[in-house]
Each structure stands twice: as structure tokens, then as C-alpha cells.
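Let me begin by presenting the structure, written as C-alpha cells, before commenting on it.
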Number of protein chains: 2
Amino acid sequence: MKVEIITVGNELTSGEVVDTNAAFMASAFTEKGFEVTYLTTVGDNEGRIEDALRRAQEHADAIIVSGGLGPTADDITASSAAKALGRRLIMNQEVLHTLRQRFAQRETEMPLANEKQALFPQQAEIIPNPLGTASGFILRHKGKIYAFLPGVPRELIFLLKESIIPLLEKERQEKVFYGSRTLKVFGFTESAIADRLKEINPQDRTTSLAYLPRFPENHVKIAVSGKSLQDVEKNLQDLEKIIREKLEGRVFAADQETLEEIVGHLLRSNRATLAVAESCTGGLIAHRLTNIAGSSDYFDRAVVAYSNRAKVEILQIPEELLASAGAVSAPVAEKMAEGVRQISQSTLGLGVTGIAGPGGGSEEKPVGTVFIALSSPKGTISKKYQFWGDREQIKIITAHTAIDWVRRYFLNQLSAVSNPPSRKRRTN
Amino acid sequence: MKVEIITVGNELTSGEVVDTNAAFMASAFTEKGFEVTYLTTVGDNEGRIEDALRRAQEHADAIIVSGGLGPTADDITASSAAKALGRRLIMNQEVLHTLRQRFAQRETEMPLANEKQALFPQQAEIIPNPLGTASGFILRHKGKIYAFLPGVPRELIFLLKESIIPLLEKERQEKVFYGSRTLKVFGFTESAIADRLKEINPQDRTTSLAYLPRFPENHVKIAVSGKSLQDVEKNLQDLEKIIREKLEGRVFAADQETLEEIVGHLLRSNRATLAVAESCTGGLIAHRLTNIAGSSDYFDRAVVAYSNRAKVEILQIPEELLASAGAVSAPVAEKMAEGVRQISQSTLGLGVTGIAGPGGGSEEKPVGTVFIALSSPKGTISKKYQFWGDREQIKIITAHTAIDWVRRYFLNQLSAVSNPPSRKRRTN
């Protein structure tokens, strides 16, 4: 089954926004074995939307359109679709009622502009949108399926996964089964991964591997097709096992799982708690850990000790040590980890100090110099890293590395930490 | 002059790669006043490349194609272009010679595959590419200009800026100047903004307003054209002034500026320092503040007091108060702000406590209940908010609101805070 994707919005034709929606949709369809023929983007322009809709009919069996369903005057996808496919626009009383209720629940009156979001082309099948005011809809026209979805990424993703893909899978004639698994890797470069996996690639036509850099992670996507779901699942499992072995513990998660989720599971199942003392990451480690629902069960507190005074006062780091070793040093990282562990009485204390830049670097400690320390019942371990990139990238990769330390601690891999060139140092 | 952009590559139609090239080109052309009509993406498929090239002729005066000029078998853009526009492929001896030299300089022999990169459709005007082996080329066909460029981002950007845009600017007849400004708004919904600005919209053909939701912000983009750069700049300034007035202090930044940058400027110019006590935002406020280079000048520390014990121990919040009012309450938010201000001796203390969900809500305090407090030399102020969304969204909008409080404090707008339905409460 062939799919064409049309994204609508002046913010796309003007280049203000990178079209991640199109890539997301293309990836979701490709994964399920649909062939994506064309991706087309037009601005909020009636003539061009109509033209794109008509032409797509020649290219594909299903046409997925996103964007232009909002309440403002420039949102004209529904009316353009009505025109292109020769239908009248009709007010859907049920949708209108639901919209009014939605606003009433928030104790505000519905702006007049939102009434427009209850206007659909004749015979539209409504796709309710629990996440926003723009309902999706389906039109069937000359044997083709047109699906219209909002452009807000989270609403689009939800409706695509929950409604559109299941619908198209049901309509599809061919009975081939597809499956994929994304393995998330941290600590190897893309080419190092490709090198380690080269023997299992190229494969036969039912299997493919793709390498997707997702800074600071690298993802390996396995896609498999087969005659039954069992075949597909078995193939995926076999390949996953091989790849995990070849990548020596650097695969930290699969598919939707995130590093902080995995670390949360490990803390919970080990009945352990964690406290964090951050400097150069400025709160990012705590922010990521607390993105997980229920993290209050194992995450006690973080101290973002940006000033030296904060390091002394809250984390009880000796002033003499800050003066002699410098705030960015292994002993200070260790004292931060130990200090926050002690005041919080947590199982683990994580300490991070470094130079995120662009200022503050020196010849001895250039921008990107970072010390990470972990204090645990087994003692305190620390390590120096030299990261590269701008301020944002250094914060991100430092936070990722530090959170990964907790994972590796529980898997007894921490002593094997050996990412970038570094010297190791232990106390206790 | 109308421009259509065509990007070619299986990695794009499969969604493995987000098409940042298309966005870059669209932005570069829009900035220079070209109208981008369509963005089309096709895989490395001869029939579809030909189809896209032929159709683009109806849409635009200039067609910019990127991708598919590499040495491997799947790179077929040049041969597809020759077919689509009815030309023969001819080996360009000069390009072939340059390619051979390029390899010779690196003391390697040119692989046979690279010979292909010297094959161009008849009458192609070559665009030399100093950064790679794929030369670009121009074809003129029925009054239209077709430009073919490599897909490697660095090479594409270079050739676009150095060759293609100057060429098209020379060919363009009209002498019109363009400019734009993006105003960033927080605290009004998209429809509330549109409502307030409806009198200045629709405008004449030289001006347009676009509304771009960027959760939790809303952006208003003013685009203006005119006969001189002065005209354009004057128009932009006049419109910006009117819009800022109509939006009553809710425009917090323009163009590339971010909220945390603006807040950083205000803290610095007022010689003030800031400390933060976060609960439900889990470090996000500190993370955002420290994304700004040099933030250590005004940001002292943050305490992410996730557990009640952390609130008592570090922020000196009375246990009785936590028991009587609850951790999510106005008096606790206020004590957090006062506590962190006091221990850090900062000018300002920000305190945030709330329920990010999905668990932890009650009838009295549902998920999304948030208290924000600011302690300053003028006293302490706090407010209850009811936010909507999932855990991530509640963290984001809470952090944004709290950081915006600092901005409004310096602009003496804080007493006028009145975002969502809420009750106000003050101490001191």
C-alpha cells in the first residue's frame, strides 16, 4: 500500500520550522511496511493545498495530511479539502458540543474562532482528538483514503498511532507482517557500531539495519518482515541478542524506553535512593530523572551548587579543597557526591563538576573538562572526561554520562567505564 | 520569483533522516524574498524524480533539487534529470580531470564509481564544489531554472549561499526588499492573540502576520516587503510597537532572544542574584537558567527539594507547616522562596511546588495544581495556578511561568499576574 504525506503550513515553506512531523510519519509508515512515495509540503494557501491533494491521488492509495486544522484564519486545510474533493462544509453539532464542553470544564468561554474546528467536509469520518481542539477526519474519495490530522506534534503522533495506522493496516490487502526494534546505544560512535555489526550486514531482503545518530545516543534500528508475527518476533529477538552481545553492554534501552526510565527501574528494584550534586549540568540531571512518573520514590533531592559558596554551605566541601584543587577537579566531584549522599542519607550520591563553556576554560582544564563521581556503600569512584561541543551539548552529554553511571553501577560495569581518553581515580 | 524545493533520498522517504536541508533552503530563500511554493521529497526512484521535476515546472520559476549526486548506484538524480528534460548525458572532461586531480592529491586512485560524477545532462552549467566530489549544475528549460545540488548539508549550504542565491537574485526582475520580526508571547493563547490583533489583520499585500504556537509560547511573525530597506524597517518597527501594546506586556522577546536570556539581562543590569527552590519542576528551572553562558554571574544555586525531608533540612521549612498546609500549598511555596533566598543571600528567591502527575492528585488539589512564590526585598508574593497537560507539559509551563515571574518582577508587572483561573494570595 502506497502512502503520500502532505504537510501544510507557512512555517514549513518559510523554513522557520524543520518538518519533524513528516519524518515521524514517514518512519512510522515505513516501519509498518507501507511504501512512502512522496512527501509534499505546501503553505497555508488554498490553491496549493487543493493542487497537492488532487495530485496525491495519482501517487498513492492513502494520503495523510497534517496541519492547518487550528482555529485561526490561516488554518484552511478543511475548507481546501472540501473544495478539492467537491464537498460542502458542514457544521458537526457533536464536535461543536464537545468543544464547548472542553472550554466549559476550564471555566472559560469558547472563543468564536474555535467554532470553525467543528466544520468538516461532507461525509467526513471524525477522529476525536483527546489532546486538543483540532479533530482529525477521514475522507474516502475515488477509492483513496484521505486522512487529515492536526499539526501539533504530540496530537499528530497520538492520532497517527491510535487511529490512522490501525485503520490502514485493516484496509491493506497484502498479508505480510512487519516488526522493528530500536536499540539505543551510548558510548560508541556510529562508525564504531557499524564496524562491530558489519558481519550481520548486509542481510537478506527480509531484514535491514539502519544507524540513526540521536545525540548523545546512537540508535540501531532492526526492521524485519515475515509471514507470521511469530516469525518476525523470533527474528527480532535473535538479532537483538547478537547485537547486544557485539555492543558489550552499551545498549542501554530498546524502543520507547529512555535511560532515565531504565535507571528508575534499577533504583526501584534495588530499593535504592539517589541524590545528586550538580554544577556544570545546572539541574539537567535532576530534570531528566524527575521526568519519570513516580521518581519521588527513589529520587530524594538535588543540589545545583553553581557558586562555590553553595558547594561549601550545602555540600560541606572544605574551602581549602576548592582553593587547592579548584572547583573543577576529581576531589571536589567526589566530595560533592559524598556530601549530597550524606545529607540526604541516600543509597547513592552523584556529583558532577565541569566547564560547560564558552568561557571559563584554561590550558590545563579546557572547556568540556568534566569530573563525574559516584558515592555508594562500596566507596567513591570518580573519573575525568574531556567532552566536545557547545555549552548545550556539553551539558547534555555530561548529564547522559552521569545518569548512565547509575545504570552501570547496578550492572557492575562501572569499573569498566572507559569512554573518552581519561585517567581514573578512586578513593576509599 | 517562485521557488520549488525538491529533496531526493530514500533516507528521507523512510523517515530515518529529518529533512533539515529542505528547511535550510526554504529559510534562506524566504529571507531573501523568494516565495517558496512547494517542498517535495522523493526517494531515489527514477520515475518519481522525473515526475517531480516535470510538475515543479508548473509551480515555480526556479526549481532547486538536492541529493542523489553521489558516486553510488542509488544516486540517480543527474540521469533522471536528463530523462525528464529530454537531454543526453555527456561526460564533462574538465570535471573528470578535476576529480582525478582531487584523488591524486590525496595519493589515492579514483574509484571507477566516481567517474559517474562527471556525467551531466547536455548544456548543463557546472557549479564547482570545492568541498566534495559532487559538482552542482544548472539547467535552463522552457524559461525555468533548474539547479541541482549535493545532499551533504555542508556542501549544499556552501553552494546555495555562494552560487545559487546570488544567481537567482541577479535573474530576478522585481526590486523588492524583505524583512521579518518574530515576537514571542507568553500568557495568551493563540486565539486570544489573534483576537487582540484582528484589527491589524488582514493587512495589505506588503504585510502579513502569522501565528506560530511554540508550547508554552506563542509566536507572532510579522513579514513586510517594501521598496527600500528603510521602508521595511520602519514598517516592522511600527507594527512591533502596536502589537506589543495590544498584548500588554506579554511579548517577552523578539527573534532569537529567549526568556532565560531576557531574564539574565534583567538580573545583570539590576545587579541582582537569584536562587531557586524547585519541587515539581525537578531542576528544569535551574537547567534553563544555566543554559545561558555567564549565568554564574547572577545564578547562585538551586535546591531541588523533592522529598519533604529535603524541604525541611535544606530550606528550613517547619515540619508542622508541611503537615498542616501540605507540601503543595501557598505557605510552603513562600517558605521555599524565602528559605533559598536566605541561605544563599540572593536578591531574589523563587519557590515552586506542585503536582506534575500522573499520580499524586486529589479532588482538592488535582494534577496540575502549582504554587509559585517569589521572595524579594519588597516581600514575598505567591499564587496558585491550575495547569493542564501531561507531566512533561506541566513541568515546562510551570518552569516558564516561574522564570517569567522574574522578568515581570523587574518590569513591575508582577502584581498584575493573572494567567489561568486562580486565586491570589500575599504575605508580608
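How large is the Rg to Rh ratio of chain A when both quantities use alpha carbon positions and Rh follows Kirkwood? Intermediate values should be presented prior to the final figure.
Working: Rg = 26.4 Å, Rh = 24.9 Å.
Rg divided by Rh gives 1.06.
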> Out of every Cα-Cα pair in the range B:177-254, what percent are more than 21 Å apart?
Replying inline: 22 percent
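Students often check this: by mean Cβ neighbours within 10 Å, which of B:350-360, A:232-242, B:45-55 ranks highest, and how do the rest follow? Don't skip to the answer; put the middle values down first.
Details: B:350-360: 23.5, A:232-242: 15.6, B:45-55: 18.6.
So the peptides B:350-360, A:232-242, B:45-55, ranked by packing, come out B:350-360, B:45-55, A:232-242.
In the range B:161-206, which trypsin sites (Lys or Arg not before Pro) fall in coil by DSSP and have 16 or fewer other Cβ atoms within 10 Å?
On the way: sites: B:Lys161, B:Lys170, B:Arg172, B:Lys175, B:Arg181, B:Lys184, B:Arg196, B:Lys198, B:Arg205; in loops: B:Arg172, B:Lys175, B:Arg205.
Of the trypsin sites (Lys or Arg not before Pro), the ones in loops of the range B:161-206 whose Cβ has at most 16 other Cβ atoms within 10 Å are B:Arg172, B:Lys175, B:Arg205.
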> What is the spread of the Cα atoms of the protein assembly as shown along each of their three principal axes, largest first, in whole Å?
Replying inline: 82, 66, 60
> From the label point of A:Arg140, set 7 Å along Cα to the beta carbon, how far off in nm is each other copy's matching point, shortest first?
Replying inline: 5.2
> Can you list the lysines whose alpha carbon is less than 22 Å from that of A:Lys116, not counting same-chain residues fewer than 8 positions off?
Replying inline: A:Lys83, B:Lys198
> Along Cα→Cβ at 7 Å, what distances in nm separate the A:Arg214 label point from those on the other copies, shortest first?
Replying inline: 2.4
>> When only alpha-carbon atoms are used, what values of Rg and Dmax, in angstrom, describe the range B:2-171?
In response: 15.2, 47
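Would you be so kind as to identify all helices of chain B, as entire DSSP H runs, whose Cα atoms reach 27 Å or more along the helix's own axis and whose mean Kyte-Doolittle hydropathy is at least -0.5? Intermediate results must be reported in sequence, preceding the final value.
Working: long enough: B:391-410 (30 Å, -0.31).
For chain B, where a helix must reach 27 Å along its axis and average at least -0.5, the hits are B:391-410.
At a Förster distance of 22 Å, what's the computed FRET efficiency of B:Phe177 paired with B:Glu257, Cβ-Cβ distance as r, to 0.05?
Working: r = 24 Å, r/R0 = 1.08.
Efficiency at R0 = 22 Å is approximately 0.40.
First measure r as the distance between the Cβ atoms of B:Leu229 and B:Phe103, then evaluate 1/(1 + (r/R0)^6) with R0 = 45 Å and state the FRET efficiency to the nearest 0.05.
Values: r = 46 Å, r/R0 = 1.02.
Once rounded, the FRET efficiency stands at 0.45.
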> Spin-label point model (7 Å from Cα, Cβ direction): what's the B:Lys246 to A:Gln413 distance in nm?
Replying inline: 5.6 nm
>> Antiparallel versus total DSSP beta bridges in the protein assembly as shown: what percent is that, nearest 5?
In response: 65 percent
>> Need one value for A:39-46: mean number of C-beta atoms belonging to other chains within 10 Å of its residues' C-beta atoms.
In response: 6
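Fewest first, what order do A:Ile126, A:Ile193 take by the number of other Cβ atoms within 10 Å? Don't skip to the end; give the middle numbers.
Details: A:Ile126 15, A:Ile193 23.
The most exposed by this proxy come first: A:Ile126, A:Ile193.
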> Rg and Dmax of the range A:259-426, Cα atoms, in Å?
Replying inline: 14.5, 44
>> Cross-link candidates for B:Lys378: which lysines have Cα within less than 21 Å, leaving aside residues fewer than 8 places away along the same chain?
In response: B:Lys335, B:Lys424
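Expressed as a whole percent, how much of the Cα-Cα distance distribution for the range A:288-383 exceeds 23 Å?
The share of Cα pairs beyond 23 Å in the range A:288-383 comes to 26 percent.
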> Distances from B:Asp297 to the same residue in each other copy, label points 7 Å out along Cα→Cβ, in nm, shortest first?
Replying inline: 4.5
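Sort the range A:355-417 into rounded, prolate or oblate with this rule: let a ≥ b ≥ c be the square roots of the eigenvalues of the Cα gyration tensor; rounded if a/c is under 1.5, and if a/c is not under 1.5, prolate when a/b is larger than b/c, oblate otherwise.
Working: a/c = 3.01, a/b = 1.99, b/c = 1.51.
Prolate shape, in that a/c is at least 1.5 and a/b is the bigger ratio.
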> Counting only residues 5 or more places away or on other chains, whose amide H sits under 5 Å from the amide H of B:Gly68 once H atoms are built in the peptide plane?
Replying inline: B:Gly151
> For the range B:68-96 and the range A:226-245, what is the separation of their C-alpha centers, rounded to whole Å?
Replying inline: 40 Å
>> Let me make sure I get this right: for the range A:141-298, a, b and c are the square roots of the gyration tensor eigenvalues over alpha carbons, sorted descending. Under 1.5 in a/c it's rounded, otherwise prolate if a/b > b/c, else oblate. Which is it?
In response: oblate
> From the backbone phi of the range A:121-126, what are the Karplus-calculated ³J(HN,Hα) couplings (6.51 cos²θ - 1.76 cosθ + 1.60, θ = phi - 60°) in whole Hz, Gly and Pro given as x?
Replying inline: x, 3, 6, 5, 8, 6
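The numbers here are math on the coordinates, done by the rules we state, and not lab data. What you are looking at is a predicted structure, and each value in this text was computed from that prediction instead of being measured. With ideal geometry, Cβ positions are generated from the backbone for all residues, glycine too; neighbour counts draw on all protein chains shown.
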